[in-house]
Amino acid sequence: MYDVLVIGGGHAGIEASMASARMGMRVGLLTMDPSTIGRLSCNPSIGGSAKGHLAKEIDALGGVMGRIADASGIQYKMLNTSKGPAVWSPRSQNDKDLYPLFAQHFITTQPNITVIREQATGVIISHDCVKGIQTSSNTEILARAVVLCGGTFLNGVMWTGETATRGGRVGEAAANGISDVLRSYGLETGRLKTGTPPRIHRASVDYTKTQPHNGDERPVPFSITTPYVRNQLACFATSTSAETHDILRDGFSRSPMFTGRIQGAGPRYCPSIEDKIDRFAERDSHVVVLEPEGLSTDTVYVNGFSTSLPFDIQDAGLRSIPGLSKAEVLRYGYAVEYDFFYPYQLKHTLETKAVKNLFFAGQINGTSGYEEAASQGLVAGINASLAVREEGTFTLQRSESYIGVMIDDLVNKNTDEPYRIFTSLAEYRLLLRIDTVYTRLSGYGRAFGLIDNETWRVIERKENVKRTLSSDITSLKITPQAINEYLVSLGEEPLTESTTVTNLTRRPKVKLEGVLRYATEIFTTVCEEHEDVVHAIETELKYEGYITKLHRDIERFKDQEQMSIPVGFEYNRVKSLSTEGRQKLQKIQPASLGQASRIPGVSASDVSILALYMR
Amino acid sequence: MSTSADTICALATPPGVAGLAVIRLSGGRAFEICDHVFEGSQKVCAAHSHKILYGWFTCRGVRIDSVTVSVYRAPSSYTGEDVAEIGCHGGVFVTEQIIDALVEQGARYATPGEFTKRAFLNHKLDLTQVEAVADIIHAETRVGAQTAARQLSGGFTTKMSAVREQLLQIIGLLELELDFSEEDVEFVDRTGLRSLVQSLCDDVDRLAAHVKQDQVLRSGYHVAVVGFPNAGKSSLFNALLDRSRAIVSAVAGTTRDYLHETIIIDGYSIHLVDTAGLRDSNDLIELEGISLTASVMQESNLILVVNDASLGRDHSKSLFNQLLAVYPESKHIYVDNKIDLVHDVEPGDSLECSANTGAGIDDVKRALVDLVREHGVAPGDVLLNARQAMLLQNIANSLRSCLAGMDSQLSSDLLAVDLRTCIRLLGEISGETWNPDVLETVFSRFCIGK
């Protein structure tokens, strides 16, 4: 008998297992093949726009994704540095062989986790409560809570050209049966599609015809526990040509996408190359980035060339691309179609509304991406443990994290394409910066026991430096003589009388670091050791007006967010609700008025009316 | 007991012209706001509850009206909050100026049913009244939406959707830059973005001015009086006015060449618009060309067809039927005028009257009032216009803030905050949440996914 049984060893399963084990649960991690735990099924990369925020949030909550990424990182880049601090987002290239090894290291060295090599075929439910699972070897594994992280494996079908193979990932079997059991329990499933590009041999690339993309001069790790990372390999960019497009177009008649054989919807933000050619016919070139998949592997990931076209077309298309005329394909691109459960059937804790103590995390909820999956695994793992201990729930607000934004979006909006996080989805984007992540979230992680003492000391130290420096510069005055040279060099008005460092930093072009270096030697070490803290303080000063405005908004909506709606509330009783609003409310059964207000179709007056009934 | 610092105001008496009107102000800052605009024997803040103060309502040093201010201190008020009720002289202009001044001092227009809602939340109403309150919010929202729909017709809808379109385009461009900077797409430069925002800002400003100007004309229940020349439209028009002594706020048709009058029947304000005659029913086909009459009818709740019964009771039937077909959203009534000249034995089944003798005029009025009641025009109708104008103004302000941000080189994540405010305000104008899928606009226009 396990406390928490996690099905699937992908990014969601890893975080769910680790969090539960650290919370003292006896954890079973069920996987068809333990050597696939932590595999990077698609691109060899962690983070990216908004995804980098998720990875940082996982680290701040005490998850492991950032640590694994740092251990296996081969190139680091901070995206969007010219676009404003709210959208700064870290991304790494990772060694696809090392990543799973480090992931497995975390799992195997963590006390309380038993890895079980089995395939789940059914879920045991009794009195609307999960009791365990059935396996293909006809055994029953019992557990108090189950976290299902099935990825693309539930009734997975892989497509290349006209060939369809059952499976969730190349060379790995699909998991059938679970969807049927849960469907018979009233849960609604749909089909989604995602794809991956071909991998080619690195020696078959003519790099002279490509442009190198290097990492940052000063690479920054994901995890606060990682002291140092370095760049080891570069990526290389090239692009498709009109000729490539002609070749690929010739294969459209044999593409499962265009022949209608794939039913599931694919992601609009990560279209296949055939989709791009079809939808943006006026463009005769698309960028392709060659990403090395690791230090000791020969495979190169052809980013931008996701496809399910037949092999011969993939070969010919690739070879028309500059630098790839001799490309040797090691693994062809394919599309995978799989079952997902419509996430409106979940609570914000990721527990299913229908079955007590059954949690879903990751791609099974209609998301795509490692970071999206891992964050859900973490939240589901924490909540599964809390459920076993009967100690309440853990949910994150939209105003405090991207994880909160994502889960709230999932449970309220019906996804018909794989969900990916974007910064534009967060109404409080300005507050959810990566420089505020530990302040926002580490308290939770510590309280649940996910952050060890050593890490906590590092986090506290940073927070202390931030507090002290913030208060110091409010009183620290600086004279015109000391700073005017710097101001003039920036094209700023020189000072006529002394002013505080805080005031000076509010000027648009002024850098806090610059002022501190000119002002006094005392802060030189701080600037060097805590560049991130200095930057965070500067951001907060420059954004002050906007930040205050957003905090006011949060305050304004707080009552609404906190006003809870009783479980099983009879919306049909409220005659004054609009018809559409009533139907949506009945279906989604929001937990709070705030949530109700975000359900598409529920109008402002519906919310006002509901408020009356919540008294 | 909760008193919200957020102070709301609205006209508490029916809109339109009456001898007196009451404007209600409720919330934590109600008294403080009053003191900024009220010159009386005593400060409102210092007055005891249930006391009535007399004095001048002033705005920027100009005396607008002599008013009374009734003071109700929390919790002994309708809403349970601090409430001030300003009694002033009736009339759209005075009440509007007073409300504008209150808003300038920090009050905000109440949303439909908001006073009642606050009363309920402060336990001023018992639970059995919940249903009724909910119905009020629902009804007022519905009427509001209908009013909005009417206002938004006649070119306004197109203009508003153009604003939405432009805003979405701008936000799309900005978000593209923020979320997809790594993509191989062409990003718009700041100069390009700035001119887009500037042009949107200008459009919204113009629109706000337009709404303000038209709001008197557009408020209330609209009746278009139409018919063939010499059917007696103008006589009937005058007969309705004469009888209803309370001729009010005759907005001279200086900018429009039709006559426009407001009458009050049983407390309802009804706008009568005398249109130019339609020569024959073929005119309907060319109606697009007679844009003025067309727009009057478009904006009307009711189309009243006046028939010269002396030429036959069915003389205007074809016109009536065509209008029914062209304006299915409006109500239609058919009135046989000049009934004193008809000597047939069988009376017809439509309304009949004689504008000359006055016979049947009361029947026509009763018919009008019945339709207005059925329509459910409620207090707040006028304010909704003002609220919308204010929201438009706020949108323009947010856009100006965005422009200022661009000029001082603020980063795009900050500019996006102002633009998001615009989205929220645009939603409030139509009374529903507008949650555009910004990413949709990005995906449809740009090739994302390298």
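Checking the structure you have, find out if any residue of the range A:248-265 is outside any helix (DSSP H, G or I), within 30 Å of A:TYR99 (Cα to Cα), in contact (Cβ under 8 Å) with a residue 40 or more places away in the chain and within 14 Å of chain B (Cβ to nearest Cβ).
yes
If a residue counts only when it is among the charged types (D, E, K, R) and either without any contact (Cβ under 8 Å) to a residue 60 or more places away in the chain or under 30 Å from A:LEU30 (Cβ atoms) (or both), which strands (runs of 3 or more DSSP E) contained entirely in the range A:69-133 have at least 1 such residues?
Per the criteria, A:89-94, A:113-117.
Quick one: count up the residues across the range B:407-428 that are within 12 Å of another protein chain (Cβ to nearest Cβ), of a type in the set (A, V, I, L, M) and assigned to a helix (DSSP H, G or I).
Total satisfying the criteria: 6.
A:ILE473 versus (1) open to solvent by less than 20 Å² (accessible area, probe 1.4 Å); (2) assigned to a helix (DSSP H, G or I); (3) within 30 Å of A:ILE599 (Cβ to Cβ); (4) aliphatic (A, V, I, L, M): which is the lone unmet condition?
The number of the failed condition is (3).
Please work out which residue is surrounded by the fewest Cβ atoms within 10 Å (Cβ to Cβ), limiting yourself to the range A:255-277 and to residues that are at pLDDT 90 or above and more than 25 Å from the chain's Cα centre (by Cα).
A:ILE277
A:SER401 passes all but one of (1) without any contact (Cβ under 8 Å) to a residue 60 or more places away in the chain; (2) closer than 25 Å to A:GLY10 by Cα; which number fails?
Of (1) without any contact (Cβ under 8 Å) to a residue 60 or more places away in the chain; (2) closer than 25 Å to A:GLY10 by Cα, only one is false for A:SER401: (1).
Failed condition for B:LYS124, given (1) at pLDDT 90 or above; (2) open to solvent by 60 Å² or more (accessible area, probe 1.4 Å); (3) under 27 Å from A:ASP606 (Cβ atoms), with all others met?
Only one criterion is unmet by B:LYS124, namely (1).
For the range A:133-179, enumerate the residues that are out of contact with any Asp or Glu (no Cβ under 9 Å at 6 or more places or on another chain), closer than 28 Å to A:ARG389 by Cα and open to solvent by 30 Å² or more (accessible area, probe 1.4 Å).
A:GLU140, A:LEU142
In this structure, does A:SER285 turn out to be within 14 Å of chain B (Cβ to nearest Cβ) and closer than 30 Å to A:GLY63 by Cβ?
Considered against the rule, which asks whether it is within 14 Å of chain B (Cβ to nearest Cβ) and closer than 30 Å to A:GLY63 by Cβ, A:SER285 comes out as no.
From the list A:ASP206, A:ASP246, which residue is open to solvent by less than 70 Å² (accessible area, probe 1.4 Å), outside the structural domain of A:GLY366 (by TED's automatic domain parsing) and of a type in the set (Asp, Glu)?
Within the list A:ASP206, A:ASP246, the selection yields A:ASP206.
So which residues in the range A:167-185 are of a type outside the set (A, V, I, L, M, F, W, C) and farther than 18 Å from A:GLY266 by Cα?
A:GLY171, A:GLU172, A:ASN176, A:GLY177, A:SER179, A:ASP180, A:ARG183, A:SER184, A:TYR185
Can you spot a residue in the range A:322-335 that is over 26 Å from A:ILE262 (Cβ atoms), open to solvent by less than 10 Å² (accessible area, probe 1.4 Å) and assigned to a strand (DSSP E or B)?
Taking every residue of the range A:322-335 in turn, none turns out to be over 26 Å from A:ILE262 (Cβ atoms), open to solvent by less than 10 Å² (accessible area, probe 1.4 Å) and assigned to a strand (DSSP E or B).
Looking only at the range B:339-355, how many residues end up being within 18 Å of B:LYS233 (Cβ to Cβ), over 35 Å from the mean Cα position of the chain (by Cα) and modelled with pLDDT under 85?
Qualifying residue count, the range B:339-355: 1.
Kindly indicate the residue of the range A:517-542 that is open to solvent by less than 40 Å² (accessible area, probe 1.4 Å) and at pLDDT 90 or above and also farthest from the other protein chains (Cβ to nearest Cβ) among those meeting that condition.
That would be A:VAL533.
Test of understanding: among A:ALA374, A:ALA316, which residue is among the small types (Gly, Ala, Ser), touching a helix residue (DSSP H, G or I) at 6+ places or on another chain (Cβ under 9 Å) and open to solvent by 10 Å² or more (accessible area, probe 1.4 Å)?
Just one listed residue meets the conditions, A:ALA316.
Looking at (1) open to solvent by 60 Å² or more (accessible area, probe 1.4 Å); (2) among the polar types (S, T, N, Q); (3) at pLDDT 95 or above, which one does A:SER401 not meet, given that it meets all the others?
(1)
Considering only residues of the range B:296-324 that are among the small types (Gly, Ala, Ser) and assigned to a helix (DSSP H, G or I), which is farthest from the chain's Cα centre (by Cα)?
Checked the range B:296-324; the qualifying residue farthest from the chain's Cα centre (by Cα) is B:SER310.
Regarding A:LEU309, is this residue aliphatic (A, V, I, L, M), over 20 Å from A:GLY48 (Cβ atoms) and crowded, with 22+ Cβ neighbours inside 10 Å?
yes
If we keep just the residues of the range A:424-451 that are within 13 Å of chain B (Cβ to nearest Cβ) and part of a loop (DSSP other than H, G, I, E, B), which is most open to solvent (accessible area, probe 1.4 Å)?
Per the stated criteria, the residue is A:GLU427.
Restricting the search to the range B:78-106, which residues are over 16 Å from B:ASP35 (Cβ atoms) and in contact with a Lys or Arg (Cβ under 8 Å, 6 or more places away or on another chain)?
Within the range B:78-106, B:TYR78, B:THR79, B:GLY80, B:GLU81 meet the criteria.
Looking at (1) touching a residue at least 40 places away in the same chain (Cβ under 8 Å); (2) outside any helix (DSSP H, G or I); (3) more than 12 Å from A:ILE178 (Cβ to Cβ), can you tell me which one A:ASN138 breaks?
(1)
Is there any pair with a first residue in the range A:446-465 that is of a type in the set (Asp, Glu) and a second that is part of a helix (DSSP H, G or I) whose Cβ atoms are under 8 Å apart and which are 6 or more apart or on different chains, and what are they?
A:GLU463/A:TYR438; A:GLU463/A:THR439
Here are some residues: A:LEU182, A:LEU233, A:LEU187. Which one is farther than 24 Å from A:TYR334 by Cα, outside the structural domain of A:MET32 (by TED's automatic domain parsing) and in contact (Cβ under 8 Å) with a residue 60 or more places away in the chain?
Residue meeting the stated conditions: A:LEU233.
If you take the residues of the range A:78-132 that are among the charged types (D, E, K, R) and away from chain B (no Cβ under 14 Å), which of them is most open to solvent (accessible area, probe 1.4 Å)?
Residue satisfying both the conditions and the ranking: A:ARG117.
Any idea which of A:ASP559, A:ASP553 is assigned to a helix (DSSP H, G or I) and open to solvent by less than 40 Å² (accessible area, probe 1.4 Å)?
Result: A:ASP553 is the single residue among A:ASP559, A:ASP553 that is assigned to a helix (DSSP H, G or I) and open to solvent by less than 40 Å² (accessible area, probe 1.4 Å).
State yes or no: is A:LEU309 among the hydrophobic types (A, V, I, L, M, F, W, C) and modelled with pLDDT of 95 or more?
No, not satisfied.
Need a quick list: strands (runs of 3 or more DSSP E) entirely within the range B:1-120 having at least 1 residues that are surrounded by fewer than 16 Cβ atoms within 10 Å (Cβ to Cβ).
Those strands (runs of 3 or more DSSP E) span B:20-26, B:38-40, B:51-59, B:62-72.
Out of A:SER564, A:SER592, A:SER605, I need the residue that is at the interface with chain B (Cβ under 10 Å from one of its Cβ atoms) and either closer than 25 Å to B:ALA119 by Cβ or open to solvent by 10 Å² or more (accessible area, probe 1.4 Å) (or both). Which one?
Criteria check complete, one pass: A:SER605.
The values are calculated or read from the model by the stated rules, or taken from the named source; none is laboratory data. These numbers come from a predicted model, not from an experiment. Positions of Cβ are generated from backbone atoms using ideal geometry, with glycine treated the same way; all protein chains shown enter the neighbour counts. All accessible areas refer to the heavy atoms of the entire protein, side chains included, with ligands and DNA or RNA removed. Shrake-Rupley method; radii C 1.70, N 1.55, O 1.52, S 1.80 Å.
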